[in-house]
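Comments concern the structure below.
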Amino acid sequence: MRNRQILLPIVAVGLALGTAWAVRGKFGHEQGAAWAGAIGALSLILVAKRRDWYPKTFRILMAAAFGWGISGMMSYGVIVGYGRATDFLNAFYGLLMLFVLGALYGFLGGGFFGLALVDSKTLKVKWHSLLAEMVAIGLLTYGLLINQLGWLMTPPRSELWAVALGASIALAWFIARNQYASVMKVAVWSALGAGFGFAFGNFLQVIGNSARIDFNFWNVMEYSIGFFGGAGMAYGTFTSSWPASEVNPSRGYDLLAIVFVVLFIPFVVWEQSFVTERFEFVVDNGGSAATIFYIKLAAIISILLLFGFALTRNYSSPKASVETCPGIRQFFILYTALYIFLSFLVTGLFVHPPEQYLYIINLLLILFLISSAKESFEVEANRPRTWLTVTVTSILIVAILAIIAINSHEGMRGSNLRFEINQ
């Protein structure tokens, strides 16, 4: 990386996806990851300053949201417990498997984002073929690894990581045979970043808990995968060559993308997270059923207002479309602020965990970095040997982190064992 100017946009995107992934910790699952992925992609579009990408902003966001969100089906709660073990084998296994899961998140998220960048009027991505292949190979991989070979990563929890692995293999095959070199680079660096970030985040969680620091280190782990995954996606993007993109005009397609990104994903987050059972704290603090109703109402109204804003700006006022640089910046602020606002609503009315106030500080810092960033593309050739070297180096670092982790405590709450060790 000869041009240090590229560091600023990379950090900006890392902070954006990291903050959004930390907020995702309040919601979880595919829908939370999808919203975070869209925010990360939106920040990248802003700092890239490629005017030919602006008209297809929502198409890019839909692809990135789908790619980052699809791996939300994977279970990792038990694996985090392996990282808290007191022996090297279990701790290293836990961190290494988190590296694998994080890499799957990143490869699918970065890959779909990259495909959306190359998709244009003259170079159409065959999305239907890709999705069919991902479903087929994902199910076949699950059947082979789980049902036939019994290679269980996290028993007795869900083993859907195998489906995500198969989907990633299908995506890699699709990218390779269509010779989308830049897309492959983005997918690989996103995978390496998110993989390392997930393992490193678990290490930070173990160290923080063993030091008895009063902070939500689950959120630190979530922030870590987002930051490194976003930084990897940005690095792959800014070091790749992208052809000028001429958008295939389709108001129906654009409307679908807006509905998916601005209405469907937030609505599913609301429907799945704003359930009465999660608001027992309201009753415990003297609230009532009416208070809970108004919390839910405030959340859904805020979602509908943003959806109305996006529709109005794109269909009623073409000259003030969201798909211009000022419009994208404004939408980024509103879309990210809404995610943060919902996290405040779902965790309390007046008292909130300290990390939530850090989300606001992060958002302000991101906006400052975005305004300071300049167009910083620095094309580098794809170097598979470098990818392999970084992968091996990351695994060695993970091993060192496991050694440090097991020597930082003598036993920790929530610890799990994948392998029984005879002492």
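The values are calculated or read from the model by the stated rules, or taken from the named source; none is laboratory data. This one's a predicted model, so the numbers in the text were calculated from it and none came from an experiment. When we count neighbours, we look across all protein chains shown, and the Cβ atoms used for this are built from the backbone with ideal geometry, even at glycine. Only protein heavy atoms, including side chains, enter the accessible area calculation; ligands, DNA and RNA are left aside. Shrake-Rupley method; radii C 1.70, N 1.55, O 1.52, S 1.80 Å.
Some notes on this structure:
- Residue in segment 341-358 that is among the hydroxyl-bearing types (S, T, Y), out of contact with any helix residue (DSSP H, G or I) (no Cβ under 7 Å at 6 or more places or on another chain) and either open to solvent by 40 Å² or more (accessible area, probe 1.4 Å) or under 30 Å from K185 (Cα atoms) (or both) present: yes
- Residue satisfying all of: in segment 145-160; part of a helix (DSSP H, G or I) and open to solvent by 90 Å² or more (accessible area, probe 1.4 Å); nearest to L101 (Cα to Cα) among these: N147
- Matching residues, segment 31-51, being under 10 Å from the mean Cα position of the chain (by Cα) and either among the hydroxyl-bearing types (S, T, Y) or over 16 Å from V346 (Cβ atoms) (or both): A33, A34, G37, A38, I39, G40, A41
- In the set E159, E133, only one residue is among the charged types (D, E, K, R) and either under 21 Å from Q31 (Cα atoms) or under 19 Å from the mean Cα position of the chain (by Cα) (or both); that residue is E159.
- If the condition is being in contact with a Ser or Thr (Cβ under 6 Å, 6 or more places away or on another chain) and among the acidic types (D, E), then segment 352-386 contributes E378, E380.
- Matching residues, segment 107-123, being under 25 Å from the mean Cα position of the chain (by Cα) and either charged (D, E, K, R) or open to solvent by 70 Å² or more (accessible area, probe 1.4 Å) (or both): D119
- Residue among E222, E246 that alone is in contact with a Phe, Trp or Tyr (Cβ under 8 Å, 6 or more places away or on another chain) and open to solvent by 10 Å² or more (accessible area, probe 1.4 Å): E222
- Across segment 230-260, the number of residues qualifying as closer than 20 Å to Y180 by Cβ and out of contact with any Asp or Glu (no Cβ under 7 Å at 6 or more places or on another chain) comes to 13.
- One residue stands out in segment 161-216 among those that are aliphatic (A, V, I, L, M) and not in a helix (DSSP H, G or I): the one that is most open to solvent (accessible area, probe 1.4 Å), namely I213.
- Filtering segment 227-257 to residues that are in a helix (DSSP H, G or I) and among the small types (G, A, S) leaves G229, G230, A231, G232, A234, G236, G252, A257.
- In this structure, Y335 does not satisfy being closer than 21 Å to I295 by Cβ, at pLDDT below 95, under 20 Å from the mean Cα position of the chain (by Cα) and open to solvent by less than 30 Å² (accessible area, probe 1.4 Å).
- Some residue of segment 391-400 being open to solvent by less than 70 Å² (accessible area, probe 1.4 Å), touching a Gly at 6+ places or on another chain (Cβ under 9 Å) and free of Cβ contacts under 8 Å to residues at least 60 places away in the same chain: no
Matching residues to (1) surrounded by 24 or more Cβ atoms within 10 Å (Cβ to Cβ); (2) without any contact (Cβ under 8 Å) to a residue 12 or more places away in the chain; (3) hydrophobic (A, V, I, L, M, F, W, C):
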residue	(1), (2), (3)
A12	yes, no, yes
V23	yes, no, yes
L44	yes, no, yes
Y82	yes, no, no
A85	yes, no, yes
V100	no, no, yes
Y105	yes, no, no
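- You will find that of F66, F58, F27, the residue that is aromatic (F, W, Y), over 19 Å from F238 (Cβ atoms) and open to solvent by 30 Å² or more (accessible area, probe 1.4 Å) is F66 and no other.
- Within segment 73-119, being assigned to a helix (DSSP H, G or I) and either small (G, A, S) or in contact with a strand residue (DSSP E or B) (Cβ under 8 Å, 6 or more places away or on another chain) (or both) holds for G77, G81, A91, G94, G102, A103, G106, G109, G110, G111, G114, A116.
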